[in-house]
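Take a look at the structure set out below.
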Amino acid sequence: AEAELIRAQRFESLAMLASGLSHDLRNLLQPLLLAGESLQDYQDDPRLARLGALVRDCGRRGLQMVQSMLSFARGARRAERVRLGALLDALELLLQGSVPRAVNMAIQAENPELAFEGNHTELQQCLLNLCLNALQAMPQGGRLEVSSGQIDLGADFFLPEEPCRPGRYLRLTVADNGTGMDEATLQRLFEPFFTTKETGTGLGLLSCKRIVANHGGVMRVESEQGKGTRFHLYLPLELPAETPEEAEAEEGLYGDA
Ligand code: ADP
């Protein structure tokens, strides 16, 4: 339990560092991007226009990295009613521009009306990360599949460090038939800043894991080199009952406001 606490504290410091750094970087990058954009339209000097386009592209890439750092760092979430159909529709819409013609995309909600407690934006970000990874693993094209189902999970499903209760879970699966991963990559996948990509941030999966953990759920991965990869998200459908201590703590916080 002590090792777990140390790990959690380390994680929190990293999140705080990432959050501070991202805000500062964003403030630097946004004007840079704007400057690049206006230079790029400079008619009188093609060389300047080319430099402008370069500045713009670097600014854009930087902002994307900052965005993934921010979504990783964002801890507190707002709980709402998430409808599965709406979540997957939004995902499909977001992906439409990024899916190459050689990729066959299938997004299917088994039960679109299924609703659960969670945060729509965060889950959308999480699924988007997984889908973009899947697309990047299929440079030659292939099949991207997002599917869902409900499953009862027993206590033996969870690892000792996962504070999850047995019960009914929603399983969301993002599957690709791309490169797959070797053993070394599978081992390090969720480490901060671990990436095998030239312009990767190595924060995408960590951010997913954090979002899923914030929902009281867990992630699993199956992958085979040359065959493809499946990421599963398990989200609890029954909210764990509040412990008396938690209820009391909350009363203390808000009771006499
Ligand atoms: P990034 O995408 O920026 O590299 P991630 O944390 O999202 O960061 O992913 C870490 C690494 O995990 C990737 O660099 C890649 O090697 C591997 N990976 C993630 N998803 C897949 C996938 N669907 N297929 C193959 N490899 C993957």
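No lab work stands behind these numbers, since they all come straight from the coordinates. Every value quoted in this text rests on a predicted model; they were computed, and no experiment measured them.
Points to keep in mind about this one:
- Here the 3J(HN,Hα) profile of the range 174-188, calculated from phi with Karplus coefficients 6.51, -1.76 and 1.60 at θ = phi - 60°, is 10, 10, 10, 10, x, 5, x, 10, 7, 4, 4, 5, 4, 5, 10 Hz, Gly and Pro shown as x.
- In the range 94-155, Cα pairs under 8 Å separated by at least six residues give a relative contact order of 56 percent.
- For the range 38-180, the spread of Cα positions along each principal axis, largest first, Å: 67, 36, 30
- Taking a ≥ b ≥ c as the square roots of the eigenvalues of the Cα gyration tensor, the range 59-135 is oblate, since a/c reaches 1.5 or more and a/b is not larger than b/c.
- Using alpha-carbon coordinates, inclination of helix 84-95 to the longest axis of the chain, degrees: 20
- Ellipticity estimate at 222 nm from DSSP helix runs (n ≥ 4, -39,500 (n - 2.57)) divided over the chain, nearest 500: -16500 deg cm²/dmol
- Relative contact order (%) - the chain, alpha-carbon pairs under 8 angstrom, separation at least six: 16
- Cα gyration tensor, the range 131-247 - rounded (a/c under 1.5), prolate or oblate: prolate
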